[in-house]
Structure formats: C-alpha cells, structure tokens
Amino acid sequence: MKVKKFQAGTMPEVMKKVRDDLGADAVILNSKVIKTGGFLGMFKKNRTEVIAAIDPPEPKMVKREKKEDELPDLVPEKESGVQDNREIMRELQQLKSMLNSQKPDYAPLFQEAYQHMRDQEVEDAISRLVIENVREKYQENEDRKAIGRLLVKELYEQLKSSPFGRPTFRKPFVHLVGPTGVGKTTTLAKLAADAALNHNLRVGFITTDTYRIAAIDQLKTYAKILDIPLEVAYSSEDYREAKEKLKDYDLVLVDTAGRNFRDASYVHELKEMIDFEEDSDNFLVLGLTSKYSDMKEIFEQFHDIPIHQMIFTKADETASIGSAINMMITHGVGAAYLTNGQNVPDDIREASAMNMARSVMEGFVNEGSS
C-alpha cells in the first residue's frame, strides 16, 4: 500500500496531483485546510492538504513447476504480503467511512450549512473544506445571509479554475459522448439551434448512433426544421466521408451512440470510428438524476477521450446538483451547459461557476428569510 500527502491551492489542483501520482483508484483518507508561508506569522495562505492511498497492482501470476499427473496452476508472487496490503486497504476504507459518518462539531449555523451541503449530495471532503475555509473569514456578528454569501464565494473559488459557459466553437467539430438515455440527441439539436439562429453559423449534423433507428429519425426531424444537412455514419469510412462533405461548414455537431457505459468495448469502438483529437471539442453529457458513483464510473470509462467540458441534463428533474459539483471539483473539468427540459431550443442555459455555487446554497441562504 502506498500512502502520500498532497498540497495545493484548491481542491481541483490537489485532486489532479493525486490522480497524476496515484491514479484514478486512489482513496482519499483525509482532507483539510492548512496555512503556509507568510512572514513573521502574518500573511499566511490557505492551502488544501489531502492524504491519499492506493493499493499496489495485482502481482504477476507465475507458473509452478508441474509434477507428473498434475495440471499446471498459477500462484501469485508474495501472496501473503499482498493479502496484508488488501487487509490494510480494507481497514483504511472502513476508517474513512467511519470518519465520514461522524458529523463535525461546528457552531450551529455552520453545522446547518454543512448538513445542507451534504443533503445536496456534495461530498463530505468538499463540504468540510468549504466550511473550514469560510470559518477562517467569519466575523462574529455575521448572520445567515452573510455566511451564505461567503459559502457561495468559497464554492465559486473551488470551481472557477475550470472552463465554464458556452464554448468558443473555434474548432469545427463538436462530439457529444455519454451513456444512453441522458438526452444527447436533444441537446445536440439545442446547440445547433443556438449556433444557427443566434450566432449565424452554418451548421451540419453527423450521427454515428446507428444502433437506434429512433435516434436517426429524431435527428432527421431536427435537421429538417432547422434546414441543416445530416450525414449518417455506419463506419469509420462513412465518418471520414461525412467530415469531408461538411468541411466548409462553420460547425459540425456529432451525435455518438449511447450504449451501456459499463461495456468496455463501447469507448474502444468510438475511438476506432472517430478521431477525437483532430479539430474537435468533446463534451461528456451526464444526467443530474444519476448517482455520483455512476457519474464517476462514466467519466473513468471515457478517460481515453479528451473531455473539454461537461453538459448536465435533466436539471428540471432533480433538486440537487451536488453530484455535478463533485464531478467538476474532483476532476477539474467545468460545465458548458445545463438543460432543463425537452423544448428545442429553449430548455438550455449556459453554466457558470457562480450560478452553480448559488444553486447549491440557495436553500440554506433562503431558510427563514420570508
């Protein structure tokens, strides 16, 4: 087992260090705010400290010499040491769960704020980090609204390093990827309508979602209404030909197949068909009604594809966006849009770090204000 301590200015920065050093399977054992630097005890800066651990890789299997009349089998090298490491890792996971289940001992308003964030499904480590940073700036005479504003500002500080809002569309091709059922096709139509009607761009469609006839028919309907050409690609050769046909357009929006995100072959097939590196921006579409654990798994499944921003759908179907906050802070990827309905082109809005921070804390700030 490997345990390391990491420090950085913000949670996204420190999480990037953890992923780069230990990988995506690292376990966060503890996080806190510390003060560093300064001169003569003054002007110290807050930094985020995280202690993370990772289980060593599975040992290589080696063949044991076969005796007569005995089938060959495989035995792990250093089996007892590996078992010890697994036991330690299991105990650390249990310790982490136990610590997370214990509410921190804050003053009443901060305790309410912490519980509000947890109810919004903001991760425990992020909730505690935000509260601790705000407590550093707290003045005794401040009321709920003042503390709420500080909490919003602190959440914004944790989010702002990632790109938010409408992309520049400087690259001619835009790919939407994500699991089935999150609304990629409808979102694509909303982006096309905005680009064509509000920004006077010449827009084209390509769809590689040939697994669902309904998806092609749906996109054909949008293409006809918006007077936008549509190319259907059944293979990588079809996709290259479609790109060539639409090369003179300002923006080409590509709808990819939505399949079971746990199917490892799905992303491999996507990469075989589409060059995600060449002249393209790639957006991961996630539904806000999904569990945070599923969102993390989806993100990791697409880790071989360069994701520039996320688009969160179904904002009208949930009162909680904590999972989105967790995704953006821990993965350092911002959001371009939120969608909140099926209407094209209306039910879509640009995402911003400040508006998402406000949405999370809205219930706490407005509590008892009437």
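The values are calculated or read from the model by the stated rules, or taken from the named source; none is laboratory data. No experiment lies behind these values; they were computed from the predicted model shown. Surface accessibility is based on the protein's heavy atoms, side chains included, excluding ligands, DNA and RNA. Shrake-Rupley method; radii C 1.70, N 1.55, O 1.52, S 1.80 Å.
A few notes on this one:
- Looking only at residues in the range 176-231 that are open to solvent by 10 Å² or more (accessible area, probe 1.4 Å) and on the phi > 0 side of the Ramachandran plot, the one that is farthest from the chain's Cα centre (by Cα) is ASP227.
- Residue, most open to solvent (accessible area, probe 1.4 Å), within the range 118-161, restricted to residues that are of a type in the set (Gly, Ala, Ser) and part of a helix (DSSP H, G or I): ALA125
- PHE164 satisfies every condition listed in (1) in a helix (DSSP H, G or I); (2) at pLDDT 90 or above; (3) open to solvent by 40 Å² or more (accessible area, probe 1.4 Å) except (1).
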